[in-house]
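Here's the structure we're looking at; comments come further down.
The values are calculated or read from the model by the stated rules, or taken from the named source; none is laboratory data. The shown structure was predicted, so the numbers you read here are calculated from the model rather than taken from an experiment. Neighbour counts run over all protein chains shown; Cβ positions are idealised from the backbone, glycine included.
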Amino acid sequence: MLERAQPETATIDEILERARRCEGLTLDEAAHLLHADPRHDAAFFDAAREVKDRLYGRRVVLFAPLYISNHCTNNCLYCAFRRDNTSLHRRHLNQEEVAEQTRALIRMGHKRILLEAGEDFHSLPFQAVLDSIETIYRTKIGDNGIRRVNVNVAATSVENYRRLRRAHIGTYQLFQETYHRPTYEYMHPDGPKADYLYHLTAMERAIEGGIDDYGIGVLFGLYDYRYETLALIAHADYLRTHYGVGPHTVSVPRLQSAPGVDLQPPAPVGDRAFKRLVAILRLALPYTGLILSTRESEKMRDFLLDVGISQMSAASQTTPGGYGGEQATDRQFTTHDDRSLEACVRDIVRRGYVPSFCTGCYRKDRTGEDFMSMVETGEIRHLCDPNALLTLAEYLQDHATSKTQAAVSGSWPDLLEEIHDPHLRKVTREGIERIQAGERDVYL
């Protein structure tokens with residue numbers, strides 16, 4: 001498919017016109033765009049921005065990872081947690097340490113956590129993952145707490161996915177890393193993760209176990225980014241066709257250096273190609289949330305807000321126990337955006353977007369097919385815009401310095417005007433006033 005893609009201007013214009021209507025892309029169309037001349041990039045970016053704004057509005061969901069263990073029985077060549085990395089200090093958190101890390105994140109102002117762990121169910125039994133989820137939900141500082149725990153743990157059984165469902169997780173996330181099987185087998189020489197097909201079919205077991213919000217992704221840099229982009233689209237289309245729901249999120253990490261890892265990217269993805277693939281994924285999968293991590297620089301993350309990214313981590317630490325103390329050195333990978341959460345909030349508002357800490361859809365059962373249908377019809381924006389502003393108002397009241405409050409206060413009129421429905425705008429303004437008067441967790 002990549003080889004036969006020979007784009008022409010007329011063809012690209014036709015593809016983009018259909019994509020702007022939020023109809024997605026076929027694999028052939030995506031292949032055409034992946035091979036297009038760089039002069040078309042600006043048109044790709046404009047179309048992706050239009051699709052994202054039409055379906056999701058200006059909100060950008062913020063979250064933070066919480067690593068509970070870096071013990072791992074796998075030997076993935078690109079990961080600092082790999083079993084043979086003897087230079088890494090190994091640690092798994094007990095439940096009091098999980099609670100303390102959670103309190104550190106609550107003090108920052110986070111409401112969403114992505115729980116992460118290496119795959120070593122001898123050092124960290126699956127029950128410890130479930131216990132950690134319970135601990136995170138139970139931990140409070142006054143009225144503040146984490147409202148949604150998403151989970152990124154190793155591929156597992158249908159029964160374990162049922163247990164995660166019963167633990168009230170939000171989204172279950174797992175990356176294929178690379179869809180190119182020879183590369184996958186080389187990068188995962190041994191350990192449970194070496195089983196390509198078991199890993200590839202994890203989402204099918206997750207769906208069978210009752211998980212209806214799931215996230216997929218690849219680690220760009222392991223193999224040709226064009227192949228990986230098409231494979232991501234194909235995987236999403238397959239799951240949607242066979243199970244009625246596509247991925248809630250797609251993540252786009254690029255391979256970065258890591259302590260104790262000598263691997264250089266076998267197929268490095270330059271900045272121009274990276275920007276393009278993000279735009280194409282937004283056009284191909286308009287209903288899905290696109291996630292960007294702190295692997296990327298501040299400059300790149302700011303740019304990609306305009307090219308379709310709808311969720312991003314902020315103030316991340318990628319080692320167990322990394323929050324609230326000294327800067328961690330045993331990271332899973334190198335990060336390039338070390339801004340505080342508050343600095344991210346200010347910068348996002350400055351760029352005309354709304355930082356969102358909303359978890360309302362999970363608690364209103366707007367998940368799976370229901371969420372997807374609301375995105376595709378544009379209905380979800382009527383909830384995302386108000387809820388983002390309500391959570392921003394709560395963040396400013398409880399966590400922001402006067403500098404940030406002053407920086408955002410002048411933007412309120414413009415942000416409220418983004419809510420085009422007069423009734424919703426009125427309800428949102430009233431909700432903000434309730435929050436400023438001391439009420440919390442106000443959402444539609």
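For the range 185-195, the set of residues classified as crowded, with 18+ Cβ neighbours inside 10 Å and in contact with a helix residue (DSSP H, G or I) (Cβ under 9 Å, 6 or more places away or on another chain) consists of His188, Lys193, listed by residue number. Here Lys299 meets each of (1) under 15 Å from the mean Cα position of the chain (by Cα); (2) closer than 30 Å to Glu29 by Cβ; (3) outside any loop (DSSP other than H, G, I, E, B) with one exception, condition (1).
Looking for whichever is at pLDDT 95 or above, closer than 26 Å to Asp414 by Cα and surrounded by 22 or more Cβ atoms within 10 Å (Cβ to Cβ) here; the options are Val345, Val307. Which one fits? Walk me through how you get there before you give the answer.
Details: Val307 fails: at pLDDT 95 or above.
Criteria check complete, one pass: Val345.
Looking only at the range 346-392, residues that are more than 16 Å from Val61 (Cα to Cα) and part of a strand (DSSP E or B) come to 0 in all. All conditions but one from (1) within 22 Å of Thr171 (Cβ to Cβ); (2) without any contact (Cβ under 8 Å) to a residue 12 or more places away in the chain apply to Ala406; the one that does not is (1). Within the range 201-215, residues that are surrounded by fewer than 18 Cβ atoms within 10 Å (Cβ to Cβ) sit with their Cβ atoms under 8 Å from residues that are assigned to a helix (DSSP H, G or I) and charged (D, E, K, R), at 6+ positions apart or across chains, in these pairs: Gly210/Arg162; Gly210/Arg165.
When the residues of the range 415-429 are filtered to those that are part of a helix (DSSP H, G or I) and surrounded by 11 or more Cβ atoms within 10 Å (Cβ to Cβ), the one that is nearest to the chain's Cα centre (by Cα) is Leu415. Any residue in the range 253-271 that is under 25 Å from Thr318 (Cα atoms) and under 15 Å from the mean Cα position of the chain (by Cα)? Checking the range 253-271: at least one residue is under 25 Å from Thr318 (Cα atoms) and under 15 Å from the mean Cα position of the chain (by Cα).
Within the range 73-84, does at least one residue satisfy the condition of being touching a residue at least 40 places away in the same chain (Cβ under 8 Å), surrounded by 20 or more Cβ atoms within 10 Å (Cβ to Cβ) and among the β-branched types (Val, Ile, Thr)? No, the range 73-84 has no match at all.
Let's see how each residue does on (1) crowded, with 23+ Cβ neighbours inside 10 Å; (2) not assigned by TED's automatic domain parsing to the domain that holds Gly321:
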position	(1), (2)
Phe44	yes, yes
Ile68	yes, no
Ala104	no, no
Ala117	yes, no
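Could you please tell me which pairs satisfy a Cβ distance under 6 Å, a separation of 6+ or placement on different chains, a first residue in the range 316-331 that is part of a loop (DSSP other than H, G, I, E, B), and a second residue that is modelled with pLDDT under 70? Close Cβ pairs (under 6 Å, with a partner that is modelled with pLDDT under 70) amount to Gln317/Ala328; Thr319/Ala328; Gly322/Ala328. Against the test of being over 22 Å from Tyr184 (Cα atoms) and β-branched (Val, Ile, Thr), the options Val245, Val250 yield a single qualifying residue, Val245.
Would you mention how many residues in the range 8-38 are among the hydrophobic types (A, V, I, L, M, F, W, C), under 18 Å from Thr229 (Cα atoms) and not in a helix (DSSP H, G or I)?
First, pick out the residues of the range 8-38 that are among the hydrophobic types (A, V, I, L, M, F, W, C): 10, 12, 15-16, 19, 22, 25, 27, 30-31, 33-34, 36.
Those left that are additionally under 18 Å from Thr229 (Cα atoms): 12, 15-16, 19, 25, 27, 30-31, 33-34, 36.
Then drop every residue that is not not in a helix (DSSP H, G or I), which leaves 25, 36.
So the answer is 2.
Rundown of residues vs (1) among the small types (Gly, Ala, Ser); (2) over 16 Å from Thr249 (Cβ atoms), yes/no style:
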| site | (1), (2) |
| --- | --- |
| Phe274 | no, yes |
| Ala279 | yes, yes |
| Thr288 | no, no |
| Leu292 | no, no |
| Glu298 | no, yes |
| Asp302 | no, yes |
| Gln311 | no, no |
| Ala315 | yes, yes |
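Residues checked against (1) under 16 Å from Phe274 (Cα atoms); (2) exposed (fewer than 12 other Cβ atoms within 10 Å of the Cβ); (3) at pLDDT 95 or above:
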residue	(1), (2), (3)
Glu3	no, yes, no
Gln6	no, yes, no
Thr11	no, no, no
Leu16	no, no, yes
Leu25	no, no, yes
Glu29	no, no, yes
Leu33	yes, no, yes
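Run down Ser310, Ser316, Ser251 and say which single residue is over 21 Å from Cys76 (Cβ atoms) and assigned by TED's automatic domain parsing to the domain that holds Thr183.
Numbers: Ser316 fails: over 21 Å from Cys76 (Cβ atoms); Ser251 fails: over 21 Å from Cys76 (Cβ atoms).
Among Ser310, Ser316, Ser251, only Ser310 is over 21 Å from Cys76 (Cβ atoms) and assigned by TED's automatic domain parsing to the domain that holds Thr183.
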